[in-house]
1. When region 209-264 is examined, which residues are found to be within 17 Å of ILE197 (Cβ to Cβ), of a type in the set (Phe, Trp, Tyr) and part of a helix (DSSP H, G or I)?
2. Does GLY158 meet the test of being at positive phi and more than 16 Å from the ligand (Cβ to nearest atom)?
3. Report the residue count in region 265-282 for those that are touching an Asp or Glu at 6+ places or on another chain (Cβ under 8 Å) and either in a strand (DSSP E or B) or more than 14 Å from the ligand (Cβ to nearest atom) (or both).
4. From the residues in region 460-517 that are farther than 30 Å from GLU408 by Cα and loosely packed, with under 14 Cβ neighbours inside 10 Å, which one is farthest from the chain's Cα centre (by Cα)?
5. Scan region 283-315 residue by residue and report those that are more than 11 Å from THR418 (Cβ to Cβ), outside any strand (DSSP E or B) and hydroxyl-bearing (Ser, Thr, Tyr).
6. Scanning region 1-17 for residues that are among the small types (Gly, Ala, Ser) and part of a strand (DSSP E or B), which turns out nearest to the ligand (Cβ to nearest atom)?
7. Among the residues of region 165-179, is any buried (at least 20 other Cβ atoms within 10 Å of the Cβ), assigned to a loop (DSSP other than H, G, I, E, B) and either away from the ligand (no atom under 15 Å from the Cβ) or modelled with pLDDT under 95 (or both)?
Amino acid sequence: MAYSLGIDGSTQSMSAIVIDLDNNDVVCECTINFGERLPEYDSPNGFFKGETSSEVYSNPLMWLDAIDLLFNELKDSCDLSKVKAISGAGQQHGSVYLNTKWLETIGQLDPTESLSKQIKPCLSRPHSPIWMDTSTTLECQEIAQALGGNEIICQKSGSTAIERFTGPQIRRFYKTSLDAYPNTARIHLVSSFICSILSGQDCPIDTGDGAGMNLMNLKTNTWDYDLVHATAPNLIDKLPFIVQGDTVVGKISEYFSEKYGFSKEVSIVVFTGDNPSSLVGTAASAPGKTVISLGTSDTFFAAMPSTVSDPNGYGHVFGNPSGGSMSLQCFLNGSLAREFVKDKFEYSWDQFTNALLETPPGCNGNYMLPFFSHEISPLYDGNNPVLKGNSNFENWRSPKLAIRACIEGQFINMKMHTEWMSMIPEIIYVTGGASKNHAIIQILSDIFQVNVQQLEVNGSVALGGAMRAAQHCLGYTLKELESEFCNCSSEMIQPNEYNKEEYLKIENEIKSMLLTL
Ligand code: XUL
């Protein structure tokens, strides 16, 4: 019997999935919600704000306590001695700062003590800035200036200097903590930190997560000398190695085999970022398949046929754990924008859906840039959606038109701002709350003129970890794993060709509205 285990260290919880590769079954899934299970860390949603509201941190000791709780639950739910391989992922961009004690301690963790107690003395910075932190605008500017402009950073690293990315975060730490920075021997990402804990050794970072740091050169897949130099002094000595996503880093540590009943022979595959792992867990590792997650923010990601970066600087390129690169584009005005329009007219979701069904594609010549709050694709620092059409529409007196114009505006903006990826999707997989709404998805399909299918995979990040572990340690092909574990709804939503011209016409309207921002 061979089980494979995948871990997801996300913002709000630490989760795991165990899959049985003989019976193609999910054996168990466990989640430790930080806020509920570890209230002593005062982080109801897994993070807390710093002195200014732009600083957002998590306590790495909370993650460690969650790992102990998680493995305790797993041990009670399934026979961990059958696990043969482990991999996983962490929320991207977050960083953990460790002193020289780390390098001694990590190899000799005592199973009779907790992880957090043993690792606490190894932290050179008590808290980890995470991806929600936007406090590094100045540092981004400084790095861009040192490199000769954001275009160069984007060409080298796949993204312009971005506040939440690890490089600018490290620079801010160096500037504000003159004692603690020199005392830092190692800076890990959340993914490489968890991987190190599991394998009892200081682990590398994979290209998938490494690309989210503004420090890795996408062409060489190694640290970029200029970027590292512009970020902080002596940084190169503090960074782990970078490896490809198929690297087996070693065996599970004694801490876990003794404490939780794993065999000593369990192999561990390098961890990656949550988005790259989700690419695997949604069966979208090969170019041609695109995933759109319609959640709080809408996210569009896909394996890239060739590595290019966004000339406008809004999108990101990360490593694809299966080789090559993946793109990721985030639209902040996702569900919140949809909800705003619904609530403005005190509509229910059923009325919202009916409004979409009762209005024609093209919305009778009424168009909206649905930016109700700060947007990053494209950059917009306001909270006023732009409306263009008849006076009833422009004055918010036409609920049905406003609802359709919002959805059409969201997806046309999404189409326009993902064209830089130069790929023609064969299929779009949708996931997230709004993906369940057929009327919304039909509009998506019509605008992109691509077949759309709903994903039925929950927890694609952890599943991606379990699949990568099975692929690289146990000889399964990704194709086999995808067909057994990544389920889609049987219904395929097909584009209506008659709407193609109408939507191309609106694209031009939206383009000219964007120029007025
Ligand atoms: C991606 C990003 C988030 C985090 C947390 O750039 O910031 O998706 O990975 O999930």
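The values are calculated or read from the model by the stated rules, or taken from the named source; none is laboratory data. These numbers were taken from a predicted model, which means no experiment stands behind them. Please note: Cβ atoms are built from the backbone with ideal geometry, for glycine as well, and neighbour counts cover all protein chains shown.
1. TYR255, PHE256, TYR260
2. no
3. Within region 265-282, residues that are touching an Asp or Glu at 6+ places or on another chain (Cβ under 8 Å) and either in a strand (DSSP E or B) or more than 14 Å from the ligand (Cβ to nearest atom) (or both) number 4.
4. Out of the qualifying residues, it is GLY475.
5. SER285, THR296, SER297, SER306, THR307, SER309
6. Per the stated criteria, the residue is GLY9.
7. no
Table: residues versus (1) surrounded by fewer than 22 Cβ atoms within 10 Å (Cβ to Cβ); (2) farther than 21 Å from PHE411 by Cα; (3) at pLDDT 95 or above.
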position	(1), (2), (3)
PRO276	no, yes, yes
VAL280	no, yes, yes
LEU294	no, no, no
PRO311	yes, no, no
